[in-house]
Amino acid sequence: MPTLTLEIAQDLLNAVEGQFDSIGFNEFDAIDDPAAEAVANHQGDLYLDGLTSLSAEAAQALAKHEHYLSLEGLTSLSAEAAQALAKHEGWCLSLDGLTSLSAKVAQALAKHEGGLSLNGLTSLSAEAAQALAKHEGCLSLDGLTSLSAEAAQALAKYEGWCLSLDGLTSLSAKVAQALAKHEGGLSLHGLTSLSAGAAQAFA
């Protein structure tokens, strides 16, 4: 897949100049820093789901984007890039390609002030959960199919207005007891069974 350069970006942006629709550059697996600066100015949702890597400099440029930003092709993220993306000014940042999250990256992303979508995560350490609990926007973790009691206890302290855990199909009584202490919105639409002990926790 090709790299999104400034010249290509400007050509594509000129084609939609004056429009506020979403625009996608999903056919590119890399982006140079000047191109990141250019596409960040688009006044509409921005999809860069083909990117497989992102420099801290490009992340810093993209953080200036003021709308929905999707980077679902990234499977890993450096702490430096995460710190830059945390300053993203749009209403939602989607990083659904990440399958794991270090505590350091979680700490950085938690500072993002909009919605944060991390639906690709298949596991979450208690340390990362503790960091994400400080996030104040909507937090989506729908890729998790299991959750440790320690991680649940950490997420129960989540300070945002909506926590989505729709990937969980069952809950142990211990995890339910922990999540029941969460004071904000909690989505568990994926549950297919609930033990008596778990149900009692939410009663």
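Amide H to amide H, with H built 1.01 Å from N, LEU171 comes under 5 Å of SER195, counting only residues 5 or more places away or on other chains. Shown for HIS65, HIS189: other C-beta atoms within 10 Å of each C-beta, ranked fewest to most, produce the order HIS189, HIS65. Placing +1 on the Cβ of every Lys and Arg and -1 on the Cβ of every Asp and Glu, with no other charges, gives the chain a dipole of roughly 1200 debye about its Cα centre. Helix content alone sets the calculated 222 nm mean residue ellipticity of the chain: runs of n ≥ 4 DSSP H residues at -39500 (n - 2.57) each, divided across all residues, give -8500 deg cm²/dmol.
When the chymotrypsin sites (Phe, Trp or Tyr not before Pro) in the range 111-203 are filtered for DSSP coil states and for at most 12 other beta-carbon atoms within 10 Å of their beta-carbon, the remaining sites are TRP161. Projecting the Cα atoms of PHE28, ASN119, ALA196 onto the charge dipole of the chain (Cβ charges, centred on the Cα centre) puts ALA196 farthest toward the positive pole. Neighbours of LEU163, meaning other residues whose beta-carbon lies under 13 angstrom from its beta-carbon, give a summed charge of -2 when Lys and Arg score +1 and Asp and Glu score -1. Dividing the Cα radius of gyration by the Kirkwood radius, what Rg/Rh value follows for the range 1-89? Taking Rg over the Kirkwood Rh, I get 0.93. List the aspartates and glutamates whose Cα lies under 15 Å from the Cα of LYS64, skipping any in the same chain that are fewer than 8 positions away. Partners found: ASP33, GLU37, ASP45, GLU89, GLU113. Across all C-alpha atoms in the range 98-203, the radius of gyration and Dmax reach 12.6, 38 Å.
A short reminder: the numbers here are calculations on the coordinates, not readings from a lab. Model, not experiment: these values are computed from the prediction. Here Cβ is always computed from backbone atoms with ideal geometry, including for glycine, and neighbour counts include all displayed protein chains.
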